[in-house]
Every structure is written in C-alpha cells, then in structure tokens.
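As structure tokens, the structure follows; a few thoughts come after it.
The values are calculated or read from the model by the stated rules, or taken from the named source; none is laboratory data. On a predicted model such as this, the values are computed, not experimentally measured, just so you know. Neighbour counts are summed over all protein chains in view; Cβ atoms, including those assigned to glycine, are modelled from backbone coordinates with ideal geometry.
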Ligand code: NAP
C-alpha cells in the first residue's frame, strides 16, 4: 500500500513526486512511455527559468527524474487501464492486470498529439508523417518539409527543422500565428521558413518510398495546390489522456479534468496536475507549479483521512 500513486511522469508528475517524497509519503509513479513526457520530444526549452541559455527537453526531463528519485520516488513502467475508488483505498489497475493500492492518486497523464485526419496521414505515419521533430527531423537533411499548425509547437519545431531541411513550409489555417511573439519573429525572419497562410491540409500524397507532397487549400480563395515535401510534421494541438477516467472524475467538454485551485477533482483523494487539467496556460512552468500544489493538497488529504 502506497501513500500516493502518481500516474504520468512528465514535469507535473515528477515535481509532485519530488514534493511527496520530501514529505516522506511513500510514492509510486507509473509512466507508460519514457519518463519526462512531452518535454522529451521538445528539442530546446528556452522559457523554463534557471537555464539562461536554454536546455534540451530530454536533459531537463532527466534532471527532474534524477532529482525526484534521489528523494525516494519509485518509478515503474505500465499503462493504467482503470482506477477504482472504494472509500479510503484507491486501486490502480494496469494493463496485464497487476494492481497497486494507495491512499491518494495524482493524475498527471498529460496529452497526446491531435491527428489532422486527412488522407495519407495514417498510411505515411513513420514514413514522412511525424508528430515529433526532435525524434525525426534529422532524417530530412536537405529536404523540403511542411509543418501544420500555428501555435508554439508548430512555430518552434518549424524553426528547429531548418537545421536539417532546405525549406520548411509552415501551413497555417489563419493569417496570424498564435505562438509567442518571440518565436513568431524568429520564424518570420528565418530565410528557410516559408509561411503558407490561410491554408488547410487536404491530403498527404506519397509513393512506396514515403511522402512526396502535401495537398493544401487556401480557405479564402478556394485555390488548391500541392507542396512537394518529403515530410509533414503535424502540430495542431493535443488531446488529454483521460480515456481511462471517463465516468470517474468530472471532465470538461474537451475531456480535460476539472479541478479546484488545490488540484482536487470531483472524487475525494483523486488529484490532478499538469496539462491534463483544464486550465488556460499549459507550460512546463505551470505543470511544475501544479505538481508542487498537488503534493501539498495530497499530504493534507492523507493527514485528514487517517
Ligand atoms: P495549440 O496552441 O493548441 O495550437 C494549435 C494550432 O494548430 C493552432 O494554430 C490552430 O489554429 C491549429 N489547428 C488546430 N486544429 C487544426 C486543424 N484541424 N487543422 C489545421 N490547423 C489546426 O497547440 P500547441 O502549439 O501544440 O501548444 C499546446 C500548448 O502547449 C499551448 O498552451 C502552448 O502554449 C504550449 N506550448 C508552449 C511552448 C513554449 O512555451 N515554448 C512550446 C510548445 C507548446 P488556430 O490558431 O487557428 O486555432
């Protein structure tokens, strides 16, 4: 029996674990993929305080993991299928039927990239269609690439891809980006980046060797055209990982977990932190903030429900 089980090992989960372990709560963190979450797929992080020259996402994640395990956080790999809440005992059931019990649960499962749902997306996934520039960018030395989206991810990762590519088209459905101004300026001043405004992707075409073109349509003029590219990187936002929680805690209309200021959910003893929580700003810094708050609230809950 653990005091706390944390589900998800990104910045929110690792920070929560650091704090609960320092509060001497016996804590298990369950992560289904690589510890660090989405940060590990971010090439370079420039807006996390304390690293004046920036830091690679992978290194930042490693540092967070090392710091938390140093204070006793146990980490296992596993995919959580279900949580049940019976009185004061919470059960976490993993794929393969192993079970763990705790007095409180912290959900920090983050989110997954959204699909653009066009012809060719599935067919060419891993053969030119990617959701991770850090992982796949280096395969495209000297090529032309397309990035879909206009948020921080699309613009930042588009800039990163110019390290390898000859040209990066950023295809955005409106005529202005929603990314932070500093990233926008950098992209617009980068000679390798060509922004294709007011355009939506319609089809990813290819042959047995992989992607050959992205077909797009201008939403203002209706004009259709094709960009000859070898890779298409999709950055149109994320969906929260809350499938396994449906019917248990209250979710908002986009399936993010609704929480109070102390990170408590609609179920006593189940708390939330990070990008999976319904909130206006999803950053590493806010995930880490959630992680600290949720640990304090969990400690208080356990103390009051002895
Ligand atoms: P996002 O901010 O939700 O942006 C998604 C982009 O994709 C938007 O430009 C949106 O267009 C476009 N889009 C959405 N659905 C589309 C569709 N079906 N077809 C074509 N385009 C579509 O997602 P994100 O950039 O991945 O960022 C997610 C969160 O992480 C944000 O809160 C972001 O600030 C944060 N983040 C921060 C950093 C950083 O601080 N350095 C880095 C990465 C991410 P519209 O603009 O027209 O809606």
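The one condition from (1) under 24 Å from residue 256 (Cα atoms); (2) free of Cβ contacts under 8 Å to residues at least 40 places away in the same chain that residue 5 does not meet is (2).
Considering the range 163-219, the qualifying strands (runs of 3 or more DSSP E), each wholly inside and each with 1 or more residues that are surrounded by fewer than 17 Cβ atoms within 10 Å (Cβ to Cβ), run over 193-196, 199-207, 210-218. Within the range 161-183, the residues that satisfy the criterion of being more than 18 Å from residue 214 (Cβ to Cβ) and within 11 Å of the ligand (Cβ to nearest atom) are 175, 176, 177, 178, 179, 180, 182, 183. Does residue 273 fit the bill of being in contact with a strand residue (DSSP E or B) (Cβ under 7 Å, 6 or more places away or on another chain) and surrounded by fewer than 17 Cβ atoms within 10 Å (Cβ to Cβ)? Criteria not met by residue 273. You will find that of 268, 280, the residue that is free of Cβ contacts under 8 Å to residues at least 24 places away in the same chain and either surrounded by fewer than 19 Cβ atoms within 10 Å (Cβ to Cβ) or in the same structural domain as residue 80 (by TED's automatic domain parsing) (or both) is 280 and no other. Being more than 16 Å from the ligand (Cβ to nearest atom), free of Cβ contacts under 8 Å to residues at least 60 places away in the same chain and over 15 Å from the mean Cα position of the chain (by Cα) is the requirement here; does residue 293 meet it? Considered against the rule, which asks whether it is more than 16 Å from the ligand (Cβ to nearest atom), free of Cβ contacts under 8 Å to residues at least 60 places away in the same chain and over 15 Å from the mean Cα position of the chain (by Cα), residue 293 comes out as yes. Would you call residue 118 modelled with pLDDT of 95 or more and more than 16 Å from the ligand (Cβ to nearest atom)? Judged against the criteria, residue 118 is not a match.
Matching residues to (1) out of contact with any helix residue (DSSP H, G or I) (no Cβ under 9 Å at 6 or more places or on another chain); (2) under 23 Å from residue 277 (Cβ atoms):
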site: 72; (1), (2): no, no
site: 77; (1), (2): yes, no
site: 81; (1), (2): no, yes
site: 86; (1), (2): yes, no
site: 92; (1), (2): yes, yes
site: 95; (1), (2): yes, no
site: 99; (1), (2): yes, no
site: 105; (1), (2): no, yes
site: 108; (1), (2): no, yes
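All of 102, 68 fail the test of being more than 16 Å from the ligand (Cβ to nearest atom), surrounded by 13 or more Cβ atoms within 10 Å (Cβ to Cβ) and over 23 Å from the mean Cα position of the chain (by Cα), apart from 102. Here residue 247 passes the criteria (1) loosely packed, with under 13 Cβ neighbours inside 10 Å; (2) part of a strand (DSSP E or B) except the one numbered (2). Among the residues of the range 49-66, those identified as under 19 Å from residue 132 (Cβ atoms) and part of a helix (DSSP H, G or I) are 57, 58, 59, 60, 61, 62.
Restricting attention to the range 81-111 and to residues that are in a loop (DSSP other than H, G, I, E, B) and closer than 18 Å to residue 300 by Cα, the residue that is modelled with the lowest pLDDT turns out to be 87.
For (1) assigned by TED's automatic domain parsing to the domain that holds residue 272; (2) within 15 Å of the ligand (Cβ to nearest atom), each residue gets a yes or a no:
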| site | (1), (2) |
| --- | --- |
| 206 | no, no |
| 210 | no, no |
| 219 | no, yes |
| 225 | no, no |
| 228 | no, no |
| 246 | yes, no |
| 249 | yes, no |
| 254 | yes, yes |
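Going by what's in this entry, would residue 126 be described as surrounded by 24 or more Cβ atoms within 10 Å (Cβ to Cβ) and either free of Cβ contacts under 8 Å to residues at least 12 places away in the same chain or within 12 Å of the ligand (Cβ to nearest atom) (or both)? Considered against the rule, which asks whether it is surrounded by 24 or more Cβ atoms within 10 Å (Cβ to Cβ) and either free of Cβ contacts under 8 Å to residues at least 12 places away in the same chain or within 12 Å of the ligand (Cβ to nearest atom) (or both), residue 126 comes out as no.
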